[in-house]
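Single-structure report; data block below.
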Amino acid sequence: MPDLIAVAPLSSLRPAPTEAVAAELVELYDDLRDELVAIRRDIHAHPELGRTEVRTTGLLADRLKVAGFDPQLLPGSGLVCDIGPGPAVTGRPRIALRADLDALPVADTTGLPWASTTRGIAHACGHDVHTTAVLGAGLLLARVADRMTTGVRLVFQPAEEVQPGGALDVISAGGLDGVGQIFAFHCDPKVDVGQVGTRIGPITSASDEVTVTVSGRGGHTSRPHLTGDVVFALGQVITQVPAILGRRLDPRSGVNLTWGAVQAGSAHNAIPAIGTVRGTLRCLDVRAWEKASEVFLAAVENVVASLEVEVEVRHHRGVPPVENAANATEILEEAAREVLGTGSVLLTEQSLGGEDFAWYLTKVPGAMARLGTRTPGGRTYDIHQGDLRVDERAVEVGALFLARAALLAG
């Protein structure tokens, strides 16, 4: 593991909590702080892409076995691990805490001693923090397991960054069996460490890939009337279809169609025979998302209907929006206030980014929060960028926050 550079405790951000259980968790964490920071740095230094997270899975499994648990490996990569009494004993389903293991195909430019040792791959989204914090939450819960009234399942899933996401792998492998509620967080480098962002309802967006291919006879630009003008047709699709979606779907659903790539032709005086435009279709409301594909297809066909071209539409479903349940969100907020203080909870903004945690919420209620990772007064970074740095006190915040949330939910 990379050399340990000491990280300040949570008390450097906030006074020690006064609520008894939160205070006990903070005290118990003191024995874990240095180890967990070292584990986070080790994971950061050895990133793995979606569905190849074998080393990371092994590291987690070994540590959980040392703690006396029986982690269950998922097919390929990832694992689940149960802590505390099961439903047969309690009569209640387990509470799940989820982390995602995968990194991104991005070069690490942080220059840190624990920077990625794998060329072209980096933990540029904070999943190393997610993973270590959920591990830390599990190790904390292990120390109070004899007083737990509801069991907890740690879910370490592969391939969050690969649509439609590794959450579906976990679900198909039975990872949610016996689970009644699920919690997670995502790093937010725009928010100071020690603060947590929450929101009831949609917090992230559905994210789909769409492709429209237009074909026609092609010809000379001096005789467009004798061709099916592919370039003109693409122009109509690019400009008109987003506007049509905004009129056919509820504007409160946050529908957004944005084009990212267009290809057609290679000469200034020739109308090509084929052209393609590709983009993303995003939506904050699951009901509008379910309807969007039908509306999108009809809009494209209607726009080009009179232009004497053929059209092929491909709509690749990604992930639904994350819609936080009210009760689960309130549990996260209470846990944050107990661990971090009354002023620690912020109303987070909605994001049009996709997040496969949404698949779990189609099966059981739950909520995702945003965990601040910015050093107060320091630089604001962005996720999916190779220079992303996090204030490592976020590992402690995340572990304590999720452990307390699991106990409150139980």
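The values are calculated or read from the model by the stated rules, or taken from the named source; none is laboratory data. Small disclaimer: the values here were computed from a predicted structure and weren't measured. Every residue, glycine as well, gets a Cβ built from its backbone with ideal geometry; the counts of neighbours run over all protein chains shown. For accessibility, only protein heavy atoms count, side chains too; no ligands or nucleic acids. Shrake-Rupley method; radii C 1.70, N 1.55, O 1.52, S 1.80 Å.
Starting from residues that are assigned to a helix (DSSP H, G or I) and more than 17 Å from His127 (Cβ to Cβ), keep the ones in segment 168-194 and report whichever is least open to solvent (accessible area, probe 1.4 Å).
Among them, the one singled out is Ile171.
Pull up segment 393-410, narrow it to residues that are of a type outside the set (A, V, I, L, M) and surrounded by fewer than 24 Cβ atoms within 10 Å (Cβ to Cβ), then point me to the one that is farthest from Thr131 (Cα to Cα). Before you say what the answer is, go through the steps one by one.
So the first thing to find is which residues in segment 393-410 are of a type outside the set (A, V, I, L, M), and the list is 393, 396, 398, 401, 404, 410.
This time we only want the ones that are surrounded by fewer than 24 Cβ atoms within 10 Å (Cβ to Cβ), so: 393, 410.
Numbers: Arg393: 14, Gly410: 22 Å.
Only one residue tops the list, namely Gly410.
Residues being of a type in the set (A, V, I, L, M) and out of contact with any Asp or Glu (no Cβ under 9 Å at 6 or more places or on another chain): count how many of those fall in segment 113-138.
Within segment 113-138, the subset of a type in the set (A, V, I, L, M) is 115, 121-122, 124, 129, 133-135, 137.
Within this subset, residues satisfying the condition of being out of contact with any Asp or Glu (no Cβ under 9 Å at 6 or more places or on another chain) are 134-135, 137.
Result for segment 113-138: 3.
Take segment 265-279 and flag every residue that is within 19 Å of Arg314 (Cα to Cα) and buried (at least 18 other Cβ atoms within 10 Å of the Cβ).
Once the filter is applied, which keeps residues that are within 19 Å of Arg314 (Cα to Cα) and buried (at least 18 other Cβ atoms within 10 Å of the Cβ), segment 265-279 yields Gly275, Val277, Gly279.
Which of the following residues is open to solvent by less than 20 Å² (accessible area, probe 1.4 Å), at pLDDT 95 or above and in a loop (DSSP other than H, G, I, E, B): Gly165, Gly197?
It is Gly165.
Within the set of pairs 6 or more residues apart or between chains, which connect a residue that is within 16 Å of Ala38 (Cβ to Cβ) inside segment 387-405 to a residue that is assigned to a helix (DSSP H, G or I) and basic (Lys, Arg) with Cβ atoms less than 7 Å apart?
Listed pairs, sorted by first residue: Glu392/Arg40; Val395/Arg40; Glu396/Arg33.
Take the conditions closer than 30 Å to Cys187 by Cβ and either modelled with pLDDT under 95 or open to solvent by less than 60 Å² (accessible area, probe 1.4 Å) (or both) and apply them to Gly254. Does it pass?
It is true that Gly254 is closer than 30 Å to Cys187 by Cβ and either modelled with pLDDT under 95 or open to solvent by less than 60 Å² (accessible area, probe 1.4 Å) (or both).
If I ask for residues that are among the charged types (D, E, K, R), part of a loop (DSSP other than H, G, I, E, B) and open to solvent by 10 Å² or more (accessible area, probe 1.4 Å), which ones from segment 64-108 would you list?
Asp70, Arg92, Asp108
Do we find a residue being open to solvent by less than 70 Å² (accessible area, probe 1.4 Å), within 30 Å of the chain's Cα centre (by Cα) and modelled with pLDDT of 95 or more anywhere in segment 222-241?
yes
Test each condition in (1) surrounded by fewer than 21 Cβ atoms within 10 Å (Cβ to Cβ); (2) over 25 Å from Leu135 (Cα atoms) for Ile383 and report the one that comes out false.
The number of the failed condition is (2).
For segment 336-378: of the residues being within 19 Å of the chain's Cα centre (by Cα) and of a type in the set (Val, Ile, Thr), which is surrounded by the most Cβ atoms within 10 Å (Cβ to Cβ)?
My answer is Thr373.
Condition test on Gly219, is it open to solvent by 20 Å² or more (accessible area, probe 1.4 Å) and not aliphatic (A, V, I, L, M)?
Considered against the rule, which asks whether it is open to solvent by 20 Å² or more (accessible area, probe 1.4 Å) and not aliphatic (A, V, I, L, M), Gly219 comes out as yes.
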